[in-house]
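The values are calculated or read from the model by the stated rules, or taken from the named source; none is laboratory data. This is a predicted model, so every value here is computed, not measured. For neighbour counting, all protein chains shown are included, and Cβ atoms are generated from backbone atoms with ideal geometry for every residue, glycine included.
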Ligand code: LLP
């Protein structure tokens, strides 16, 4: 069940009244359902089975308290920076279940990852492989590595989040990968353990993921036949969710696509799922500040903005808005906008919304993934609080930033 639902006309998240969260913590604020996150993680881990290391893509939502729970439930982690590594280690994540993706790993990041003893570095270029070899040699180690290949498959998603096309910056062209595996196979500081790809995000049709897995399999088999035996195939993330009317794939649909592509292959699988685990676990709560009308157009001005939730501005993403009290006020078409000084600061365009009064609050659904994680202090707006609901309990898992948080890093360097 979706964690946000009405009971007797009032919006609940699991067994908590959303209005109580607003009273206690104010808005804008993010709220997450622990129950939903747990169910989603277990549903995917179960469908994918023991042969799969189900990693959580930390970039989707990196709150320590969510990471700690995922670690306890047995998840692995997909990280893209030393900052994410620090978060996972602090949250008690098992280094042996960490994969490190990303096109631009610095020497320090490679050092930190090898020092922590992570499971695998996903390498995105020959230059990066050489750098990893150099750092590992200095440390007297063999670095566990997979090449992230670019399978040139169109994921059929927004162009900003499509990563597996040949013109994208990600990965090594699949045609060139084989030669690189061969060139580096004997390097003493590199242990090739896998092959990886990630073709894009928010995929509703999973066929492209199947096609990419098939190409990874072909490469795996060609390498095996020529004496390079890898231990795992990492199929990346990208499983889409329902924001609006999408017919989102289930964990079983996803598992079936991978099973078909990799049938009969005795090889470990890795996946890196972000949005599909946490996206619908969360909402952003916001309060109506004003209604205004310009040239016949209605604007609902709320206290959340593009700095809190960037997805509508950046991708034209659609998020559902639910009033905290079900309303039979007439619907009116409006733009829902924040206080940031940019015309690009909107949360919804031409949206029918009940004409609820200023001071009433709304929940913006589907905000658990790439919501808080992409937030900023733009316009000097302190970042929102984050709240975790555990059944009927409400826990703050990140306090609202204060003006001191905003000014501190500059005040630390005050010069006259
Ligand atoms: N693995 C790699 C290497 C990735 O680059 C990503 C996402 C994932 C896994 C997780 O993908 P997911 O399962 O969450 O689709 N900010 C955008 C999404 C950017 C995704 C970037 N990479 C949005 O708000 O839609």
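For the stretch 188-196, the condition holds for no residue, the condition being that it is in contact (Cβ under 8 Å) with a residue 24 or more places away in the chain and closer than 30 Å to residue 318 by Cα.
Check whether at least one residue in the stretch 163-182 is over 25 Å from residue 77 (Cβ atoms) and within 16 Å of the ligand (Cβ to nearest atom), and report yes or no. Yes, the stretch 163-182 contains a residue that is over 25 Å from residue 77 (Cβ atoms) and within 16 Å of the ligand (Cβ to nearest atom). For the stretch 371-386, name all the residues that are away from the ligand (no atom under 12 Å from the Cβ) and touching a residue at least 40 places away in the same chain (Cβ under 8 Å). Of everything in the stretch 371-386, those that are away from the ligand (no atom under 12 Å from the Cβ) and touching a residue at least 40 places away in the same chain (Cβ under 8 Å) turn out to be 376, 377, 378, 379, 381, 383, 384, 385, 386. Taken together, 23, 34 contain a single residue that is over 27 Å from residue 120 (Cα atoms) and surrounded by fewer than 20 Cβ atoms within 10 Å (Cβ to Cβ), which is 23.
How about the stretch 267-279: which of its residues are more than 12 Å from the ligand (Cβ to nearest atom) and either part of a loop (DSSP other than H, G, I, E, B) or closer than 30 Å to residue 21 by Cβ (or both)?
At the first step, the residues of the stretch 267-279 found to be more than 12 Å from the ligand (Cβ to nearest atom) are 267-269.
Passing the criteria: only 267.
Here 41, 25 are screened, and the one residue that is in the same structural domain as residue 364 (by TED's automatic domain parsing) and either within 23 Å of residue 234 (Cα to Cα) or more than 23 Å from the chain's Cα centre (by Cα) (or both) is 25. All conditions in (1) under 19 Å from the mean Cα position of the chain (by Cα); (2) surrounded by 21 or more Cβ atoms within 10 Å (Cβ to Cβ) hold for residue 156, with the sole exception of (2).
Would you mind finding the one in 49, 92 that is in contact (Cβ under 8 Å) with a residue 60 or more places away in the chain, surrounded by fewer than 19 Cβ atoms within 10 Å (Cβ to Cβ), over 14 Å from the mean Cα position of the chain (by Cα) and away from the ligand (no atom under 16 Å from the Cβ)? Give the steps one after another, and end with the answer.
Numbers: 92 fails: in contact (Cβ under 8 Å) with a residue 60 or more places away in the chain.
The match here is 49.
Annotation for the stretch 100-109: no member residue is under 26 Å from residue 217 (Cα atoms), away from the ligand (no atom under 15 Å from the Cβ) and over 23 Å from the mean Cα position of the chain (by Cα).
Restricting 252, 256, 211 to residues that are in the same structural domain as residue 98 (by TED's automatic domain parsing), assigned to a helix (DSSP H, G or I), farther than 22 Å from residue 178 by Cβ and in contact (Cβ under 8 Å) with a residue 60 or more places away in the chain narrows the list to 252.
Taking the conditions (1) more than 21 Å from the chain's Cα centre (by Cα); (2) outside any helix (DSSP H, G or I); (3) surrounded by 22 or more Cβ atoms within 10 Å (Cβ to Cβ) in turn, residue 216 satisfies each one other than (2). The residues on offer are 75, 8, and the sole one that is at positive phi and either within 16 Å of the ligand (Cβ to nearest atom) or surrounded by fewer than 20 Cβ atoms within 10 Å (Cβ to Cβ) (or both) is 8. Going through (1) surrounded by 18 or more Cβ atoms within 10 Å (Cβ to Cβ); (2) free of Cβ contacts under 8 Å to residues at least 40 places away in the same chain; (3) within 16 Å of the ligand (Cβ to nearest atom) one by one, residue 114 falls short only on (3). Among the residues of the stretch 103-116, those that are out of contact with any strand residue (DSSP E or B) (no Cβ under 9 Å at 6 or more places or on another chain) and either in a loop (DSSP other than H, G, I, E, B) or not assigned by TED's automatic domain parsing to the domain that holds residue 193 (or both) comprise 104, 106. Residue 286 passes every criterion in (1) within 24 Å of residue 70 (Cα to Cα); (2) more than 16 Å from the ligand (Cβ to nearest atom); (3) buried (at least 24 other Cβ atoms within 10 Å of the Cβ) apart from (1). Among strands (runs of 3 or more DSSP E) entirely within the stretch 302-370, having at least 3 residues that are within 16 Å of the ligand (Cβ to nearest atom) singles out 346-354.
Mind listing just one residue for me: the one in the stretch 224-266 that is buried (at least 19 other Cβ atoms within 10 Å of the Cβ) and away from the ligand (no atom under 16 Å from the Cβ) and, of those, farthest from residue 364 (Cα to Cα)? Looking at residues that are buried (at least 19 other Cβ atoms within 10 Å of the Cβ) and away from the ligand (no atom under 16 Å from the Cβ), I get 230. Scanning the stretch 318-348 for residues that are over 27 Å from the mean Cα position of the chain (by Cα) and crowded, with 19+ Cβ neighbours inside 10 Å gives a single hit, 334.
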